[in-house]
1. Within 10 Å of each residue's Cβ, count the other Cβ atoms and sort W23, W111 from fewest upward.
2. In whole percent, what relative contact order does the range 149-225 give with Cα contacts below 8 Å and a gap of six or more residues?
3. Find the relative contact order for the chain and round it to a whole percent, using C-alpha pairs within less than 8 Å whose residues are 6+ positions apart.
4. Holding the Cα-Cα limit at 22 Å, pick out from K63/K319; K7/K319; K63/K147; K49/K245; K164/K320; K252/K288 the pairs that are longer than that.
5. Please give the calculated 222 nm ellipticity per residue for the chain, where each DSSP H segment of at least 4 residues contributes -39500 (n - 2.57) and the sum is spread over every residue; nearest 500 deg cm²/dmol?
6. What order do you get for D219, D300, D90 when you list them from fewest to most C-beta neighbours inside 10 Å?
7. How would I265, I128 line up from fewest to most surrounding beta-carbon atoms within 10 angstrom?
8. For the chain, with a Gaussian network of springs between Cα atoms less than 10 Å apart, report the residue from L22, L70, L254 with the top mean-square fluctuation.
Amino acid sequence: MEIITVKKIKKSFKKYTREQGLWNAIKSLFQREYKLVEAIRNISFSVEKGEILGYLGPNGAGKSTVIKILTGILYPDSGSIEIMGYVPFDDREKYVQNIGVVMGQKSTLSWSLPAIDSFYLTQAIYQISKKDFEKNLNELTELLEVKEISKTLVRNLSLGERMKCEFINCILHNPKIIFLDEPTIGLDVVAKEKIRNFIKKINKERGTTVILTTHDIDDVEALCHRIILIDKGIHVYEGSLESLKKKFVSYKDLTVEFEKKVKEIKLDNCEVLMHKEFKAKIRVNALKVNPTNVIKKLIDKYPIVDINVDDESVESIIKKIYLSKNDK
Ligand SMILES: Nc1ncnc2c1ncn2[C@@H]1O[C@H](COP(=O)(O)OP(=O)(O)OP(=O)(O)O)[C@@H](O)[C@H]1O
Ligand SMILES: [Mg+2]
């Protein structure tokens, strides 16, 4: 079932500029000069209920702008959006009851209070019944191991501890969709893992739809059913991570170990990246030759005892897509 439908949205921002110096400062009080930046150029997409969608792109690509439009914080200049039957910016009051938002760079918790006080505030704002609230709070604080931590002043929490509390605050009213804008930014590997497992669990057990922006490819590999790549305000790819790899992978790296010393390695459409008597790393040009055939040839020609195959990293594939689109 389609839960989010976005059709041809556009959004430009006025970026005010002024030359340096006192005279220009005074002049800008009367006449401000600006440049129009087209942050979102023409975007259409849809999201199915229960999906985890990765919304990826380089800095300034337009990800946060799209999230802000979807959550009803910003109006698009044109185009239409329907989410669960609501138009976010028009039906804001009712709409926000159904969504949760976590922005890695912004807090929804009061810094001078313990997180638990913000949780109670959320209960009041969303009018969550005492029974539901306590059940949910217990489950979530246990899951993220922050029962004690939530009693500490937020400003004294570590980033990881605070982010866990942000997640709880976002999910207490059991929203149908959660928007996560770089939720794992700046976290250590253990905290990232905890947050990822949490997102997975909420998605699986509650059927919550998740829209996630991140610069961390591990987040994407661990979580996303589908990805959209945006660059300079337009979508440049939409599909699964698997089909992205299939479509765009251009090389595979083989790490081989030999039984005996090998003096020279010669293989067509391959580049020897490293060669040390008993070991070698070979890059196969997957666009020109099938890597399986290269492996067969290797085994025929050389005394191989072990082979490891590494795919080109998703990060490198995505970078290539951005670069190729920018060349045009
Ligand atoms: N309020 C604003 N006023 C002026 N320009 C803005 C505003 N918000 C965003 N922009 C511009 O719109 C473009 C897209 O910004 P956006 O924040 O959506 O990028 P992003 O993909 O989230 O990047 P990042 O990965 O760095 O968070 C940028 O050029 C940015 O400078
Ligand atoms: Mg952003």
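FYI, it's all coordinate maths here, none of it is from the lab. Just so you know, these numbers come straight off a predicted model, no measurement behind them. Cβ atoms come from the backbone with ideal geometry, glycine included; neighbour counts cover every protein chain shown.
1. Lowest count first: W23, W111.
2. Numbers: 54 pairs, mean separation 25.3, N = 77.
So the answer I get is 33 percent.
3. Over the chain, the number comes to 18 percent.
4. Checking Cα-Cα distances, K7/K319; K63/K147; K49/K245; K164/K320 exceed 22 Å.
5. -10500 deg cm²/dmol
6. Working: D219 22, D300 8, D90 12.
Ranking D219, D300, D90 by Cβ neighbours within 10 Å, fewest first, gives D300, D90, D219.
7. Working: I265 15, I128 19.
Ascending number of Cβ neighbours within 10 Å: I265, I128.
8. L22
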